[in-house]
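To keep things clear, I will list the structure first and then write my remarks on it.
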Amino acid sequence: MAKKGSYIVDYFNNRGFFGMSLLILVILSVIASGNFDVPQRGYGTLHNIANWIISHDTSCFVAVLCNIVTGVLLVTLNIMYRYIKTYNCFVFASVFVLLQGMNPFLSTRFFAGTAMCLVVVIALFFVFDLYGKQQMASQGVFLIMALLSFFSIYHYVFLLLVPLFIVGFAYMRALNVRAVLAIVFGLVTPYWIALGTGLESTQAFRAPELSLVWSDAPVYAGKGWAISVAIATTALTVLLTVGNFKTMLNYSVHVRAYNNFFVALSIFVLLMMLVDYNDFLLYLPLMNMCLAIQFGHWYVITKHETRQAVTTWLLIAMLTVYIVAMVIV
């Protein structure tokens with residue numbers, strides 16, 4: 001006989017609840033669309049990602065689509081590489097899309113943070129595939145660096161990801177002389193094509209201004225609420241990571257390598273939120289992803305009764321946070 005509460009626990013962790021979470025994301029985003037806006041600061045070396053989409057409705061549609069695709073890719077990535085203990089884990093992806101949905105600043109407009117989260121997940125397919133392929137890793141390393149370099153044309157934050165992924169290459173045991181050369185060529189190639197072929201003017205090139213990072217950001221409605229959410233999300237991520245750490249040490253070597261990257265990603269996001277504090281929302285989607293993954297680990301290794309209660313209260317908390325945002329902004 002199934003344990004008491006196991007049916008609810010199983011429901012939280014199946015495709016049906018994940019599909020419902022995607023639907024809730026869409027509904028919450030549509031309701032909040034048009035009411036939330038934050039001045040987008042920062043730019044790329046040649047263009048500004050904030051200029052991609054002007055229409056608020058179109059921006060909301062693209063943001064929701066990116067969040068849905070990111071959630072689906074997280075599930076697919078786990079099915080392929082099992083960085084969480086079981087491949088059929090859906091609850092963490094549900095938590096991710098609901099975390100995005102509860103924060104209208106993240107779900108109702110497309111901005112660099114949305115793009116960065118999606119790009120990181122796409123890059124992870126190449127990063128995880130590098131494990132055990134040291135002699136054939138240069139192609140994957142090149143593709144990842146070229147991807148980050150290309151998006152740095154539109155926002156400086158993608159250049160900040162380069163050291164993080166180099167650490168990831170080391171975790172995957174893929175860092176050698178050929179990989180270093182692939183890093184260099186990957187970073188140079190998009191600019192070589194854009195500037196060398198005349199697609200972009202060399203006069204348009206501009207280096208990111210570090211002064212912008214520490215300059216005062218415009219005050220916007222709900223900023224205090226958004227800061228509180230960011231602090232709570234970060235604190236919960238740290239608590240879950242510390243709590244899961246002992247269990248993750250018992251995983252196989254390659255699974256530990258995958259999860260070491262997520263821990264490094266969490267540290268990177270935390271540091272960047274502290275340094276680039278005026279643009280903390282830029283890094284919040286990645287922190288939401290890190291929180292969701294750690295919650296997935298916790299969910300798999302915890303008893304049924306505890307999982308049911310905590311997950312239920314987490315869902316209630318997320319809905320409450322959304323309602324508060326709608327009231328105060």
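The values are calculated or read from the model by the stated rules, or taken from the named source; none is laboratory data. Since this is a predicted model, take the numbers as computed values, not measurements. We place every Cβ from the backbone using ideal geometry, glycine too, and count neighbours over all the protein chains shown. Only protein heavy atoms, including side chains, enter the accessible area calculation; ligands, DNA and RNA are left aside. Shrake-Rupley method; radii C 1.70, N 1.55, O 1.52, S 1.80 Å.
Among (1) in contact with a Lys or Arg (Cβ under 8 Å, 6 or more places away or on another chain); (2) in a helix (DSSP H, G or I), there is one condition Y251 misses while meeting the rest; what is its number?
Result: Y251 passes all but (2).
Criterion first (part of a helix (DSSP H, G or I), open to solvent by less than 20 Å² (accessible area, probe 1.4 Å) and not acidic (D, E)) does F105 satisfy it?
It is true that F105 is part of a helix (DSSP H, G or I), open to solvent by less than 20 Å² (accessible area, probe 1.4 Å) and not acidic (D, E).
Which one of these is more than 30 Å from M318 (Cα to Cα) and either of a type in the set (A, V, I, L, M) or open to solvent by 20 Å² or more (accessible area, probe 1.4 Å) (or both): V162, V121?
Unique residue meeting the criteria: V162.
Kindly indicate whether G71 is touching a residue at least 60 places away in the same chain (Cβ under 8 Å), out of contact with any Asp or Glu (no Cβ under 7 Å at 6 or more places or on another chain) and of a type outside the set (K, R).
no
Just to be sure I understand, how many residues within the stretch 266-290 are under 20 Å from K246 (Cβ atoms) and either at pLDDT below 95 or open to solvent by less than 10 Å² (accessible area, probe 1.4 Å) (or both)?
Summing the residues that are under 20 Å from K246 (Cβ atoms) and either at pLDDT below 95 or open to solvent by less than 10 Å² (accessible area, probe 1.4 Å) (or both) in the stretch 266-290 gives 1.
Just the residues that are at pLDDT 80 or above, open to solvent by 50 Å² or more (accessible area, probe 1.4 Å) and assigned to a loop (DSSP other than H, G, I, E, B), please, taken from the stretch 38-61.
Correct list: H47, W52, I54, S55.
With A146, A137, A170 as the choices, which residue is open to solvent by 50 Å² or more (accessible area, probe 1.4 Å) and of a type in the set (G, A, S)?
A170
What residue, of L77, L65, L98, is modelled with pLDDT of 95 or more, out of contact with any helix residue (DSSP H, G or I) (no Cβ under 9 Å at 6 or more places or on another chain) and in a helix (DSSP H, G or I)?
L65
Go through the stretch 270-291 and give me each residue that's under 21 Å from S94 (Cβ atoms) and either touching a Ser or Thr at 6+ places or on another chain (Cβ under 8 Å) or free of Cβ contacts under 8 Å to residues at least 40 places away in the same chain (or both).
L284, P285, M287, N288, M289, C290, L291
Of the numbered conditions (1) open to solvent by 30 Å² or more (accessible area, probe 1.4 Å); (2) free of Cβ contacts under 8 Å to residues at least 60 places away in the same chain; (3) not polar (S, T, N, Q), A182 fails exactly one; give the number of that condition.
Only one criterion is unmet by A182, namely (1).
Looking at (1) open to solvent by less than 70 Å² (accessible area, probe 1.4 Å); (2) closer than 19 Å to C290 by Cβ; (3) modelled with pLDDT of 90 or more, find the lone condition where R82 falls short.
It is condition (1) that R82 fails.
Going by the conditions given, is R206 among the charged types (D, E, K, R), without any contact (Cβ under 8 Å) to a residue 40 or more places away in the chain and open to solvent by 60 Å² or more (accessible area, probe 1.4 Å)?
no
Quick one: in the stretch 248-265, of everything that is of a type in the set (S, T, N, Q) and open to solvent by 40 Å² or more (accessible area, probe 1.4 Å), which residue is modelled with the highest pLDDT?
Per the stated criteria, the residue is N260.
Within the stretch 185-202, take every residue that is aliphatic (A, V, I, L, M) and free of Cβ contacts under 8 Å to residues at least 40 places away in the same chain and give me the one that is least open to solvent (accessible area, probe 1.4 Å).
L195
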